[in-house]
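The values are calculated or read from the model by the stated rules, or taken from the named source; none is laboratory data. This structure is a prediction, so every number in the text was calculated from the model and none was measured. Positions of Cβ are backbone-derived with ideal geometry, glycine not excepted, and every protein chain shown enters the neighbour counts. For accessibility, only protein heavy atoms count, side chains too; no ligands or nucleic acids. Shrake-Rupley method; radii C 1.70, N 1.55, O 1.52, S 1.80 Å.
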Amino acid sequence: MVVNNRHKNNVLNNFRINEVESEDVSLENLSINEIQTNIIKHSWQYTVQLNPITFYDNNSDIQPDNEHQVWKETHYLSLYKNVLSILNKLTWTTFDQLVDEFQKLPIENAECLENIANIVALKAFDEPSFGSLYASLCRVLDITISCQSGNHLTYQMSFKKCIITVCQNYFQKQCLDDTEIVTSVEHEQTQRRIKMQTIGCIRFIGEIFKQSLLSPFVVHYCIKTLQSKTKERSLEYLCNLLKVAGKELNEKISLEDIFDHLIYLVSDEMRSKISPRIRFMVKDVIEVVMPSRVF
């Protein structure tokens with residue numbers, strides 16, 4: 001089903017935290033910053049030392065060129081490693097203690113806050129089995145800093161909003177991509193990692209919705225968008241999202257039309273058009289989320 005532009009814009013304007021006032025977010029204006037991606041990639045993999053000169057690739061055009069920049073990047077690296085250290089120790093047992101440690105981190109500006117949100121989100125994407133734990137962390141963290149826009153107006157930026165922005169960016173970049181996945185041997189491992197991380201993103205969107213950080217209309221928009229795609233991987237993403245958030249969402253917004261579509265997909269008419277793996281996945285979602293529709 002195709003979502004009309006007016007409805008799409010209304011939904012995207014609600015892609016925010018329910019309880020927190022925030023400026024409208026336009027999907028078209030959001031993209032993953034390449035410099036931030038480079039920073040997060042290296043700090044995430046622990047491939048760097050505290051010397052900021054080693055923080056970048058040799059051919060990078062963003063290497064620090066003065067002492068202040070060297071100090072700045074060293075300071076950031078230390079902060080990001082502290083974040084990763086907290087996340088690596090995070091369990092339900094250590095939750096309260098580590099939340100207090102997280103709250104005390106010296107987050108001084110918007111760049112730090114956005115990069116830390118990237119680290120937390122990527123950790124959650126890579127470890128989907130702990131999605132509820134990371135979503136609970138995002139729910140209880142109360143980190144807000146004051147920022148200035150280009151015209152010197154002061155506004156508030158929150159950690160929760162940054163997390164949602166990362167999820168929205170990733171959904172736009174990976175989940176809505178209709179290009180064919182390269183199946184050559186040299187790209188197979190990379191594509192598998194990207195696919196698993198995308199599934200992690202989808203599941204995390206469901207988890208933060210369950211923590212009341214996302215409007216149900218946003219999740220419904222994501223479901224409708226994935227349903228409109230023709231690739232089997234989009235069906236796989238849809239099943240993962242429904243399995244995490246379907247029951248809770250169905251209590252707020254009727255999903256009858258979605259499940260009518262899923263039931264049609266596993267009908268005898270569609271048997272030759274969908275792989276057995278996806279058929280079983282769709283049937284499992286129907287049984288788990290809406291058992292009354294089991295046939």
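Tell me which residues, restricted to the stretch 249-259, are open to solvent by 20 Å² or more (accessible area, probe 1.4 Å) and not basic (Lys, Arg).
Just the residues of the stretch 249-259 that are open to solvent by 20 Å² or more (accessible area, probe 1.4 Å), to begin with: 250-254, 256-257.
Hits for the stretch 249-259 are Asn250, Glu251, Ile253, Ser254, Glu256, Asp257.
Of the residues Leu249, Leu242, which is in contact with a Phe, Trp or Tyr (Cβ under 8 Å, 6 or more places away or on another chain), more than 21 Å from Val120 (Cα to Cα), part of a helix (DSSP H, G or I) and at pLDDT 90 or above?
Details: Leu242 fails: in contact with a Phe, Trp or Tyr (Cβ under 8 Å, 6 or more places away or on another chain).
So the residue among Leu249, Leu242 that is in contact with a Phe, Trp or Tyr (Cβ under 8 Å, 6 or more places away or on another chain), more than 21 Å from Val120 (Cα to Cα), part of a helix (DSSP H, G or I) and at pLDDT 90 or above is Leu249.
Leu133 meets all of the listed conditions (1) open to solvent by less than 20 Å² (accessible area, probe 1.4 Å); (2) out of contact with any Lys or Arg (no Cβ under 9 Å at 6 or more places or on another chain); (3) aliphatic (A, V, I, L, M); (4) over 23 Å from Ile202 (Cβ atoms) but one, namely (4).
Go through the stretch 107-130 and report how many residues are assigned to a helix (DSSP H, G or I) and either under 17 Å from Ile205 (Cβ atoms) or open to solvent by 20 Å² or more (accessible area, probe 1.4 Å) (or both). Lay out the reasoning, then the answer.
Of all residues in the stretch 107-130, those assigned to a helix (DSSP H, G or I) come to 110-126, 128-130.
With the extra rule that they be either under 17 Å from Ile205 (Cβ atoms) or open to solvent by 20 Å² or more (accessible area, probe 1.4 Å) (or both), the set shrinks to 110-111, 114, 117-118, 120-126, 128-130.
Final tally of qualifying residues: 15.
Every test in (1) more than 19 Å from Ile208 (Cα to Cα); (2) assigned to a loop (DSSP other than H, G, I, E, B); (3) among the aromatic types (Phe, Trp, Tyr) is passed by Trp92 save one, and that test is (1).
For (1) surrounded by 12 or more Cβ atoms within 10 Å (Cβ to Cβ); (2) over 19 Å from the mean Cα position of the chain (by Cα); (3) among the basic types (Lys, Arg), each residue gets a yes or a no:
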position	(1), (2), (3)
Gln197	yes, no, no
Arg203	yes, no, yes
Gly206	yes, no, no
Gln211	yes, no, no
Tyr221	yes, no, no
Lys247	yes, yes, yes
His261	yes, yes, no
Ile278	yes, yes, no
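What number of residues within the stretch 161-195 satisfy the criterion of being open to solvent by 40 Å² or more (accessible area, probe 1.4 Å) and modelled with pLDDT of 90 or more? Explain how you work it out, then say what you get.
Of the residues in the stretch 161-195, the ones open to solvent by 40 Å² or more (accessible area, probe 1.4 Å) are 161, 172-174, 177-183, 185-195.
Narrowing further to those that are modelled with pLDDT of 90 or more: 161.
Selection size over the stretch 161-195: 1.
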